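The block underneath contains the structure these notes are about, expressed in structure tokens.
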Amino acid sequence: MSPVAATSQQASAAQIQDLDSIFRLAALSGPEGAAWVGEFLAPEACRSLSRSRRAIGLLRQGRIEAGRRQLDLLEAEMSGLHPDLLEVVQRALYSARAYQLYREDDLERADAALGLADEAVSRAIAKRPFLMGLANHSYDFCLQRARIARKSWRWDEMSRHIERGRGILDNRVPICRLADGKEIFVSSVDEFFRSISLDDTVAPQEVADLVDDERRRFLFEYAVRENYVLPGFVVPLP
């Protein structure tokens, strides 16, 4: 495996691990979070989130039709989903759907799907503040939109998305805005994570990784360097 592919897989694995940590931390944030995770997330959303992850895995393998079928099944299940899970599963569905559409070169719909995923995160946090951690990777939507713009040869738009992501990491730009106008910054998410008293279900290193600014910037800037490689060109590694 090339160093580029290896690093990309490491970044993806890191984000999946972070998402798992985010839900475990939600359970530790207080009685409300613990009740929600115990009642809803474990029995239902784990199945739904597993389907979205399975779809992404298939899409990365180039099995586009199989990945699309998984997402179609997940979308069909949405009508029977408990309302308390809706936004969490919508985030997973729409972000995975965006990747499917990106792989199919349906770039306008891919960008729209990312917008829906972003909105789902804001609604989830507004309804359940203990899901604040979901915002932790919302700056990744900037990178995904930059990739879409790059594939469309829209260089100025790509640069705007990248600069917005950098602004989020610099704490100059909010990650998201809630319906009541409240702005959520990366510092707000870090503060939330640091306020939680840990037990043996979450290792201190997991929280350290989530609030590790250097780690976030490395993953972000690595992806940015990938964006600036022209489509169809191979850049030899030293």
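Just so you know, all these numbers are worked out from the coordinates, no wet-lab data involved. Treat the numbers as computed from the prediction; the structure is a model and nothing was measured. Reconstructed Cβ throughout: ideal geometry from the backbone, glycine too, with neighbour counts over all protein chains shown.
Relative to the longest principal axis of the Cα atoms of the chain, helix 64-77 runs at roughly 30 degrees.
The H on the amide N of Cys176, modeled in the peptide plane, is under 5 Å from the matching H of Ile184, each at least 5 residues off or on a different chain. The C-alpha atoms of the chain define a longest principal axis, and helix 139-151 lies at about 20 degrees to it. Rounded if a/c is under 1.5, else prolate if a/b beats b/c, else oblate: with a ≥ b ≥ c from the C-alpha gyration tensor eigenvalues square-rooted, which is the range 64-164? Oblate is the answer for the range 64-164, as a/c is 1.5 or above yet b/c matches or exceeds a/b.
Roughly what percent of Cα-Cα pairs across the range 160-231 reach past 20 Å?
Values: 1116 of 2556 pairs.
Result: 44 percent of Cα pairs exceed 20 Å.
Axis of helix 3-28 versus longest Cα principal axis of the chain: the two differ by about 20°, to the nearest ten degrees. With neighbour counts taken as other beta-carbon atoms within 10 Å, the residues Ile125, Ile168 rank, fewest first, as Ile168, Ile125.
Between Glu119 and Ala76, what FRET efficiency follows from the Cβ-Cβ distance if R0 is 22 Å, with the result rounded to 0.05?
On the way: r = 21 Å, r/R0 = 0.95.
Calculated value: 0.55.
In the chain, once you exclude exposed chymotrypsin sites (Phe, Trp or Tyr not before Pro) (DSSP loop, at most 12 other Cβ within 10 angstrom), what's the longest stretch remaining? Before the final figure, lay out each step's value.
Numbers: sites that count: Trp153, Phe233.
Longest stretch, sites excluded: 1-152.
Just so you know, the Cα atoms of the chain work out to an Rg and Dmax of 17.5, 53 Å.
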